[in-house]
1. By how many degrees, between 0 and 90 and to the nearest 10, does the Cα long axis of helix 43-57 differ from the longest principal axis of the chain?
2. Any idea how far apart TYR140 and MET1 come out in nm if each label point goes 7 Å out from Cα toward Cβ?
3. About its Cα centre, how strong a charge dipole does region 201-310 have in debye, to the nearest 20, once Lys and Arg get +1 and Asp and Glu get -1 at the Cβ?
4. Round to a whole angstrom and tell me the spacing of the C-alpha centers of region 73-128 and region 8-64.
5. Pairing the Cα long axis of helix 285-295 with the longest principal axis of the chain, what angle in degrees results, from 0 to 90 and rounded to the nearest 10?
6. Can you list residues whose amide H is under 5 Å from HIS84's amide H, if they're 5+ apart or on another chain and H is modeled 1.01 Å from N?
7. In debye to the nearest 20, how big a dipole does the chain give about its Cα centre with +1 on each Lys and Arg Cβ and -1 on each Asp and Glu Cβ?
8. 222 nm [θ] for the chain, helices only, -39500 (n - 2.57) per DSSP H run of 4+, per residue, to 500?
Amino acid sequence: MTTIENLKRGVSSTISSNGCSAEFFFLFDDKNGMRVKSVDINESDHDELEKIFIKSVTDTLLLNDDLTLISLSSADDRRNAIYHYDLDDVPISLTYLKEIINNDKIDSFKLSDDDLSTLEGILILIGNQDSQLALYKHQYPVTLMKPDCGFSLMKPKGNNRFKKLDTDILKISSKFEFIQYDNEYYIFDIRALERFFGFHDAVKNIAVKGVENIKNTNIVMDCNVFNARLDDISFARKLVKSANNSPVLNVIPNSQIINFTQSHPALKGRFKYSKDGLQINLKTKKSQDLFLKLLNDDFLQSELTKKYYDSIAKDSVDINEDRVELAVT
């Protein structure tokens, strides 16, 4: 995975290169499946829309000094993060970002063939023949105003008299949720990914493997409690992070983990155990959530103040003789 600095440097080079321009595409989703259509916009409005999205990329990515870049499989709830998509299964909607880069023969939008009410997203291709950046913007139904939805008035330019709206109006904001750059996907809005892009199946497939990882350690009495919650996308995503990238699982002995749960102030009395004390009984959702946080090593103590913390987002510290570096995990 690249660094946030390299990503910014590459994107900046693309959007500031000679001959940089933008192309716009509609992604439709109807009974015939998904399809992409190129969009013809009159020149002055095209140029204005191009500037709007280049500015949005600049403000959202390039000028945000607080951004961190982490892998999606290690996603936590930190703010100001971009997630590199590193799962094996890629939701079909994301793959269309590569299509507009690789395919220069995409059919054009035709009002007679294409229904704007089935518009799923807007794709924006920015760059020149040497380097391209593709943006995905989800299009919500409320952004389309149709003349047959109630009685809508519009005021023509240079005229004080209102008249009935007799055409479709599509509102487009500058916000985007994902980008595709240098053959990699980067997620700016993980909640949008969870809601709209069949992301759940990709996460669930890895979460199942995570349950097996936990089961193989023999530290939990009944791992079926995890399988029962895999339809909860938020829980499944936490399971992917905790069980597949855990600094605790298969690293710290079970006996030491159990002793920790019995002595740490935030965990003491929160778990039940098997009769022999060798396994944890996770009957309640609360105990299951705490166990995943435990696998993620969220319960920390300050070396300086000796205070205890529940840390959602952590950066590891790489130490050598010359310097200390922060590395995002």
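1. So the inclination is approximately 10 degrees.
2. Between TYR140 and MET1, the simple spin-label model gives 2.9 nm.
3. 280 debye
4. 11 Å
5. 80 degrees
6. Amide H neighbours of HIS84: ILE70, SER71, LEU72, ILE187.
7. The calculated dipole for the chain is roughly 1620 debye.
8. So the helix-based figure for the chain works out to -9500 deg cm²/dmol.
Only the coordinates and a few stated rules stand behind these numbers; no lab work does. Keep in mind the model is a prediction, meaning the values are calculated, not measured. Note: ideal-geometry Cβ built from the backbone for every residue, glycine included; neighbour counts use all protein chains shown.
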